[in-house]
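A short worksheet on the structure shown next.
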């Protein structure tokens with residue numbers, strides 16, 4: 001039998017032999033999560049890092065970066081903004097499951113992998129419940145609030161509106177991750193095919209104003225959701241079947257401050273400003289109405 005013919009013409013460089021990547025070394029295993037900041041303030045700090053990178057791009061773009069590279073940098077910063085929102089959502093849900101009995105009850109029937117049960121620390125264990133969750137759409141976020149926090153019913157108009165805006169930004173991220181910034185048909189349909197058909201297979205082209213608009217949408221998403229969750233969770237704690245408050249702050253402080261410091265922002269405080277005592281008094285007064 002004659003030897004089988006082989007086609008041996010190359011059209012690209014030969015791949016090199018490399019060792020298997022040591023993925024463990026890609027992570028900082030010495031990192032310890034700090035609880036100095038609330039989830040919303042961590043989002044703001046993460047966003048500020050991206051804003052600093054954004055400002056560096058602007059400062060140097062005239063000298064070092066071509067317009068194409070500037071646009072690529074902007075796309076990467078967009079990915080960072082959305083990642084910061086998702087990180088906020090995962091942390092706030094995880095920590096609410098730990099401190100709130102109703103959230104814990106809502107999550108009890110959720111499946112957990114054996115590996116997570118073995119290796120996760122107790123306070124980080126709820127993070128494993130969210131491993132397969134996506135926060136890239138309004139429906140996914142609202143479903144997560146329902147499934148893991150036990151929050152039911154229709155969302156307020158403000159929440160619905162801001163999540164619709166955030167979902168549009170998530171479609172931009174999909175274009176960047178899967179098509180190096182070009183618009184595919186599925187995302188065009190989500191945006192509205194009639195108005196976006198001329199953009200099919202065209203790349204995202206952000207400028208300073210558009211990137212700032214995206215930043216504002218992401219920040220506003222977290223600000224609105226943080227306030228919404230704060231009210232929903234705290235109001236639920238005063239319902240007769242759930243309430244354990246004595247309405248004496250000296251007795252309730254240890255428990256109440258877990259809720260307060262989980263939601264309170266020192267980076268974006270309310271106007272007028274308030275403190276733990278003010279928040280406790282407001283909840284007590286609401287109960288007495």
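To the nearest ten degrees, helix 276-288 and the longest principal axis of the Cα atoms of the chain are 60 degrees apart. Peptides 139-147, 242-250 ranked from most to least packed by the mean count of surrounding Cβ atoms within 10 Å: 139-147, 242-250. Between 26, 120, 81, the Gaussian network model of the chain with springs among Cα atoms under 10 angstrom shows the greatest mean-square fluctuation at 26. The shape of the chain can be summarised by an equivalent ellipsoid whose semi-axes, obtained from the alpha carbon gyration tensor, come to 42, 25, 20 Å from longest to shortest. When the chain is treated as a GNM with alpha-carbon contacts under 10 Å, the residue of 122, 258, 267 showing the greatest mean-square fluctuation is 122.
Against the chain, whose longest principal axis is taken from its Cα atoms, helix 67-99 shows a tilt of about 30°. log10 I(q)/I(0), Debye, Cα-only region 12-144, no solvent, q = 0.11 Å⁻¹? At q = 0.11 Å⁻¹ the computed log10 ratios are -0.62. From least to most packed, judged by other beta carbons within 10 angstrom and beginning with the fewest, 114, 166, 43, 256 follow the order 114, 256, 166, 43.
Centre-to-centre separation between the Cα atoms of region 243-289 and those of region 1-55: 42 Å. How far is helix 138-149 tilted off the main Cα axis of the chain, in degrees rounded to 10, range 0 to 90? So the helix axis and the longest Cα principal axis differ by about 50 degrees. Taking the helices alone, the chain has a mean residue ellipticity at 222 nm of -20000 deg cm²/dmol, built from -39,500 (n - 2.57) per DSSP H run of at least 4 residues and averaged over all its residues. Just round it to a whole percent: the fraction of Cα-Cα distances in region 103-159 exceeding 14 Å. Tail of the P(r) past 14 Å holds 59 percent of the pairs. Distance between the modelled labels on residue 140 and residue 99, one decimal in nanometres: 2.6 nm (7 Å Cα→Cβ projection).
Site pair residue 12 and residue 27 shows an inter-label distance of 3.0 nm when each label is modelled 7 Å from Cα along Cα→Cβ.
Which residue fluctuates most in the GNM of the chain (Cα springs below 10 Å): 163, 112, 89? Evaluated over the chain, the most mobile residue of the options is 112. With 5 Å bins beginning at zero, the pair-distance distribution over Cα atoms of region 114-208 amounts to 3, 11, 16, 16, 15, 13, 12, 9, 4, 2, 0 %.
Every read-out reported here was derived from the displayed coordinates using simple, explicitly stated rules and does not represent laboratory data. This structure is a prediction, so every number in the text was calculated from the model and none was measured. No Cβ is skipped: glycine too gets one built from the backbone with ideal geometry, and neighbour counts run over all protein chains shown.
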